[in-house]
There are 2 protein chains.
Amino acid sequence: MPAKRLATRDRIITAAGELFYDEGIDRSSMEQIASRAGVTKRTLYYHFRSKDDLVGFWLEQLDKSVRANYRLWLHSAPGRIEARLRHMFGRLAELTCNPRWKGCGFARAANELAGLPGHPGVIAAKTHRKRFEAWFVEELRADGIEPAERLARRMVLLLDGAITQALLHHDPAYVHEAGDTAADLVHAARRLSATDRVDGFAA
Amino acid sequence: MPAKRLATRDRIITAAGELFYDEGIDRSSMEQIASRAGVTKRTLYYHFRSKDDLVGFWLEQLDKSVRANYRLWLHSAPGRIEARLRHMFGRLAELTCNPRWKGCGFARAANELAGLPGHPGVIAAKTHRKRFEAWFVEELRADGIEPAERLARRMVLLLDGAITQALLHHDPAYVHEAGDTAADLVHAARRLSATDRVDGFAA
DNA sequence: GTCTATAGCTTGATAGAC
DNA sequence: GTCTATCAAGCTATAGAC
């Protein structure tokens with residue numbers, strides 16, 4: 001596979017992603033995507049069988065960068081996970097203040113494509129959120145919280161709630177409130193965590 | 001204003017709402033809406049200036065029925081608000097199991113129309129969620145929880161998180177988990193509520 | 001208030017040359 | 001792998017009769 005092919009393909013995905021995110025999937029045409037990528041529609045259809053497929057590839061690529069981003073946010077602060085979760089939500093709150101922020105690409109796609117269960121974009125969005133939840137389980141366990149499954153689920157619930165409210169009201173206070181709630185829940189759970197008590201002896 | 005005019009207008013809004021909810025706003029055409037309502041496009045445009053306006057009127061009508069529904073759910077169970085919130089989330093969980101359920105119409109609209117801040121549908125969705133939050137404040141206060149503002153905000157965060165997760169995974173467990181979290185948070189807050197202690201003396 | 005008819009444009013996707 | 005050219009269908013919205 002020659003390098004140029006990949007460059008064109010990536011350029012198309014980037015252009016498509018920008019339009020899908022800014023305008024919505026249905027409101028972005030293949031014409032606009034091709035134009036922004038600097039190719040013709042024929043080239044676009046050479047690389048992607050359909051618009052639906054293109055949406056799927058976009059979200060699969062976005063999955064990697066978004067999860068890497070949250071991982072960075074959670075690990076760029078010191079202390080226990082309570083404090084680091086609060087920090088992570090704080091960084092999200094900052095992001096939502098940017099006028100270019102328009103919600104979560106996965107939630108946007110899932111809502112816009114709610115009537116099409118088998119759509120590649122819907123499948124990619126589901127997969128992304130499942131990975132996100134599994135990641136929270138890992139992070140909570142790494143900080144000595146056990147069992148972590150239910151608490152991880154509560155974290156994704158708060159995160160998605162914060163994203164919806166921020167999209168509606170453009171008010172970072174909702175995201176901060178979600179972060180405080182997340183920290184409160186972890187704090188309360190820690191007292192019940194046997195693993196933590198063992199760590200306490202070791203420390 | 002003659003009765004027939006209102007009947008036609010309502011029939012159009014109903015038909016539009018069904019299509020907007022099932023297929024999405026952009027994927028529903030004025031042609032389909034007119035056909036489902038049993039009128040021609042010309043009649044449709046006689047009653048509504050544009051498709052955007054029609055979206056706004058649909059959500060304004062939906063606001064009333066959705067809030068009445070949640071009010072019913074919260075009041076159709078006995079006991080303190082902790083238990084009644086759990087019951088409310090339980091009813092929502094049942095609803096999300098219905099294959100016709102495709103998320104929240106307001107969240108769907110806000111996500112699909114994220115690039116159009118002044119759109120009538122976006123404004124209606126914002127207004128709806130603000131009313132919802134204010135209603136939670138009332139209900140918490142009526143049960144002796146004070147202050148109620150932050151807790152009410154946490155309730156809408158959990159509700160919106162539950163809706164997004166249920167839309168993605170079609171798994172009622174997320175909604176039940178949100179309900180349990182809501183009950184836990186209220187339970188923890190009640191111990192700090194001075195008003196409750198006073199009620200305790202009075203009871 | 002409702003109809004038939006249509007303007008004017010854009011859509012996703014394809015044909016065939018090179 | 002990329003191009004020019006184009007398809008058939010669908011879109012929002014409007015004109016003018018009754």
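When A:THR43 is tested against (1) within 13 Å of DNA strand C (Cβ to nearest atom); (2) of a type in the set (S, T, N, Q); (3) within 24 Å of A:ARG108 (Cα to Cα), only condition (3) is not met. Out of B:ALA152, B:ALA162, one residue alone is more than 7 Å from chain A (Cβ to nearest Cβ) and modelled with pLDDT of 95 or more. It is B:ALA152.
Per-residue answers, yes or no, for (1) in a helix (DSSP H, G or I); (2) within 15 Å of A:HIS169 (Cα to Cα):
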site: B:LEU116; (1), (2): no, yes
site: B:VAL122; (1), (2): yes, yes
site: B:ALA125; (1), (2): yes, yes
site: B:ARG129; (1), (2): yes, yes
site: B:PHE132; (1), (2): yes, yes
site: B:GLU146; (1), (2): no, no
site: B:ARG153; (1), (2): yes, yes
site: B:LEU159; (1), (2): yes, no
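The single residue among A:ILE13, A:ILE33, A:ILE25 that is within 11 Å of DNA strand C (Cβ to nearest atom), more than 16 Å from A:CYS104 (Cα to Cα) and not assigned by TED's automatic domain parsing to the domain that holds A:ALA142 turns out to be A:ILE33. The residue that is nearest to B:LEU157 (Cα to Cα), counting only those in region A:62-96 that are of a type in the set (A, V, I, L, M, F, W, C) and free of Cβ contacts under 8 Å to residues at least 40 places away in the same chain, is A:LEU95. Among helices (runs of 4 or more DSSP H) entirely within region B:1-91, having at least 1 residues that are hydrophobic (A, V, I, L, M, F, W, C), away from DNA strand D (no atom under 16 Å from the Cβ) and under 20 Å from B:VAL137 (Cα atoms) singles out B:51-75.
Quick check on my filter: what residues within region A:176-203 are over 17 Å from B:ALA182 (Cα atoms) and either part of a helix (DSSP H, G or I) or modelled with pLDDT of 95 or more (or both)? Passing the criteria: A:HIS176, A:ARG190, A:ALA194, A:THR195, A:ASP196, A:ARG197, A:VAL198, A:ASP199, A:GLY200, A:PHE201, A:ALA202.
On the stretch given as region A:108-122, residues that are within 14 Å of the chain's Cα centre (by Cα) and more than 9 Å from chain B (Cβ to nearest Cβ) total 1.
Screening A:LYS51 on (1) closer than 26 Å to A:LEU158 by Cα; (2) within 16 Å of DNA strand C (Cβ to nearest atom) shows it passes everything except condition (1). Take the conditions (1) under 22 Å from B:ALA125 (Cβ atoms); (2) surrounded by fewer than 20 Cβ atoms within 10 Å (Cβ to Cβ); (3) in contact (Cβ under 8 Å) with a residue 12 or more places away in the chain; A:ILE123 misses just one of them, which is (1). If you check A:GLU138, A:GLU149 for being surrounded by fewer than 24 Cβ atoms within 10 Å (Cβ to Cβ), in contact with a helix residue (DSSP H, G or I) (Cβ under 8 Å, 6 or more places away or on another chain) and charged (D, E, K, R), only one passes: A:GLU149. Tallying residues that are among the hydrophobic types (A, V, I, L, M, F, W, C), touching a helix residue (DSSP H, G or I) at 6+ places or on another chain (Cβ under 6 Å) and under 26 Å from A:GLY115 (Cβ atoms) within region B:164-188 yields 5. Test of understanding: among B:ARG153, B:ARG108, which residue is over 30 Å from B:ILE13 (Cβ atoms) and not assigned by TED's automatic domain parsing to the domain that holds B:SER28? Checking each option against the conditions leaves just B:ARG153.
The values are calculated or read from the model by the stated rules, or taken from the named source; none is laboratory data. These figures come from a predicted structure and were not determined experimentally. In this analysis, Cβ positions are derived from the backbone assuming ideal geometry, glycine residues included, and neighbour counts consider all displayed protein chains.
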